[in-house]
Every structure is written in structure tokens, then in C-alpha cells.
Amino acid sequence: MWNSNTFQTRQLRLAVSNFAVLITVWAGLFQFSGCQSIEEPKSFDFTLPATEMNEGAVALQVAVVQVDTDQQDVLEQFWARLDAMKLPLSARQVADKNGLRYAIMSPQCPAILDQLLQRRTLDTSGLTKIQKQMAASGLLESPSPLIHHQRIENDTGETFEIPVSEFYPTQSWFILDRQGRKEAGNGELVRAFMQMSTFPQGDGSVRLVVEPEIHHGRPQQRFDVSQRTFLFSESQIQSRVDALKFSLDLRPGESLVIAQVPEAKSKISGSTNRHNAAPPVLRPLPIGELFFGQSALLAAVETASPSVQQSAQNRLIESAFAELDKQFGSSGDDGPKDDQEESSTEHSEPAAPLVTPVVRPLCRFLMVRLVHTQANDLFDRSSTTSRLTTINHQ
């Protein structure tokens, strides 16, 4: 006879058997899988896309090197290892008339270039006690011969300027064109620049267009209109020397070197006497001497103030550490008495007469090296990475 107790008993047994089967299956799966370690969640690796130059852009290295009087022979030995025949003959002829010379340096730089770029040993004879301690610790060294050094990334047809001279307080100059005609100019706050633009060629080379430029005059406010807005700027008069404009093709690794012709002053001006009755600053200079010469600039500064007969190294050190010496000289009464007396004596004694240094600035030269060009992607346009900004991107 079927009753409720029997039904409940069977339901209970069925539930127990199902539970036992479930435990058995779970235990088997556990033994089959083994004791595996729990995998840690992978970290999210966020990387920015690689930046690249615009298509057709060019990377250049630019340097302006200072040469002193005792390095003239080294400069001529360096120039003898360059190739001037790669430049157009017409450009070299008009440059020679104006006291300039051009040459190409191969990707294998001459070893003698290291002598022109090496820092001089610091002369500690004219330094104070504090400055000598800083020099012994390596905190003070002589100025670098690299007056200007930078890397430039230039788009196709874009121009950039390289300052190659210091400011002349006032100066006159003259230019000889291809026909030998003379053009003269003058101004105040004169400074020489080299303006350049780049045009990549299809064979991997880059056409470099070079044009000298002279900035002079007091800066004045100027305005222009661009994209329905007024643009205000303050700039000098910019006089381009069209007669000396030229172009050449550079391959990656090659460098254009521009310098002053040796003794250009005596060849062009027709006078070798440096002690003329007229002040040296007013003597008209050929472009080569205006851009890369140093004698006229030094003569102008020395005429204005006799105290600048000391070397550029001493002037730099004196201006940079004059305030530091003053602070250490009057730092208080905690130091030893002998040091205080020595410091007071040093500041109280009159300065010894300055002696004209044997080593003086002679000239400068410019180097422009082609590093590489950014070629167009001819195979897969979709691989081009997106830019972070839109600066210089059209």
C-alpha cells in the first residue's frame, strides 16, 4: 500500500544519491586538473605611438665653431681635407670675391676636426681661490669652441636662420656681385645670419638653398594679417644678399662648410695696415669678414673700452662668479682669521694691469650636416601613425 511515508523516504534517498554523484564528479575534476596556480590579471601596457617627422622633412645638424689665432694652421689642414669641387663654380667665384669659401665634408669626418672642437685646458693663473677650488673639482672649465650647436627638423621649402656672428654696435659693409659691381650698406646693431631652406630630391639627396642675410637697425614693431587676424612682432631690418645665394645637393652624412678666405681683408680692401687713422669700426668690411671674421669686432670693442683686452675666458669667469666671490668674501666672522684677512686684502688691493693675451679669437666657420630625410610611405599608407599635435603639419 502506497502511503506518504514511503514516498518521502524514496525522495530522500534519491536526493542523497544525486548529491553523492555530484561530489564524485567534482572530486574527479579536481584530481584531473591538479593544483594549478591562479593566473594574475595581465597589466594594461599603454604606449604612445612612435613620433616621426612630416613626409619630406629633413633632419640637420648645425654648428658654428670658434677658431683662435694659434689654430690657424689646424684650420687650414682641416680645410685641405674637404672637397670644394662639389659646389658650382659660379657660386665659388662670387664667394671668393667677397671673402668666403665653401666646401663639402664627407660622412667620414677628418680626425683633425677633433682638435678644433676640443676644449682648451683651463688657465687658473688669473682665478681667485674659490674659482681654483671649483676648477679642481671639475665645476669650472674653459668655454666650448661650439658657439652655436643644434639639431633642426625642417619641412620641404621651409626656411631657418643660423646666427654666425656677434652684434656689431655699428658697422659698414660692401658686396661684390657677379659682374664685379659694388654695393655698400651700413647700420647699427648689425648681425650676420645664414638663411637656408631644404628640398628633398627623389634619389635620397636634399637640395640646400643658402642665402646670407644681414640684420641691422633698432627693433621696430611690425604687423601683418593672417587668417583674418592681426599679427604683431618686433624685428630688425633684414637685408638679403642675393648675389651670394646658391644651392647644392647633399647626401645623408655630408656637410656643407662655410668659412672666411684667409687674408681676405688684404685681398679685397687693398690695405694691410690695421692701424689706420679712421676708427676700425667704421671701416667697410667685405661680407666674408663681416660674417666670420673677429678682428673688426674685437677692435671695435677694444676701442670702446680698454678693459676688454683680457681674454674671453677671463671675462666669462669674472662675470659669472663676481657675485659668488663677493658673498664668500663677506660671509661673516665664523671663518678663520687668516682667510678673512686674505679675502679683505684681495678686495682692497688694486687690480694688476691687464696684459693682452697671446691667444685671441681669429675667425669662425659654419657646418651644416644632413642627418636623414623622411621619405614617403609608398607601400602601406595605413601604417602611418597618427600625430600627437598638429604643429608644423599641413
> Which distance in nm do the two modelled labels at ARG81 and GLN201 give, with both placed 7 Å along the Cα-to-Cβ direction?
Replying inline: 2.6
> Can you give the accessible area of ASP96, probe radius 1.4 Å, in Å² rounded to 10?
Replying inline: 90
> What spacing in nm lies between the two simple spin-label points modelled at ASN54 and ARG240, each 7 Å away from Cα in the Cβ direction?
Replying inline: 1.9
> Got a number for the accessible area of THR24? Probe 1.4 Å, square angstrom, nearest 10.
Replying inline: 100
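Please work out the Kirkwood hydrodynamic radius for region 88-140, using every pair of different C-alpha atoms, and report it in angstroms with one decimal place. Don't jump to the answer; show the numbers that get you there.
Numbers: mean 1/r = 0.0652 Å⁻¹.
Hydrodynamic radius (Kirkwood, Cα pairs) of region 88-140 is 15.3 Å.
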> Using a basic spin-label model with each label point 7 Å from the Cα along Cα→Cβ, how many nm lie between VAL209 and SER144?
Replying inline: 3.2
> Just from the alpha-carbon atoms, what are the Rg and Dmax of region 197-239 in angstroms?
Replying inline: 16.4, 45
> Ignoring ligands, DNA and RNA, how do HIS148, HIS215 rank by accessible area with a 1.4 Å probe, largest first?
Replying inline: HIS148, HIS215
>> Quick check: the distance between the Cα centres of region 203-223 and region 92-130, to the nearest angstrom?
In response: 24
> For LEU140, what accessible area in Å² do you get when you roll a 1.4 Å probe over the heavy atoms of the protein chains, rounding to the nearest 10?
Replying inline: 20
> Suppose every K and R has +1 on its Cβ and every D and E has -1 on its Cβ; what is the size of the dipole of region 66-130 about the Cα centre, in Debye to the nearest 20?
Replying inline: 220
> Hey, if we sort HIS216, HIS149, HIS372 by accessible area with the 1.4 Å probe, largest down, what's the order?
Replying inline: HIS149, HIS372, HIS216
>> Could you work out how much longer the chain between GLU166 and PHE223 gets when fully extended? Use 0.36 nm per residue separation minus the Cα distance between them, nm to one decimal.
In response: 17.8 nm
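The values are calculated or read from the model by the stated rules, or taken from the named source; none is laboratory data. All values reported here derive from a predicted model rather than from experimental measurement. For neighbour counting, all protein chains shown are included, and Cβ atoms are generated from backbone atoms with ideal geometry for every residue, glycine included. Remember, those area values only see protein heavy atoms, side chains included, never the ligands or the DNA or RNA. Shrake-Rupley method; radii C 1.70, N 1.55, O 1.52, S 1.80 Å.
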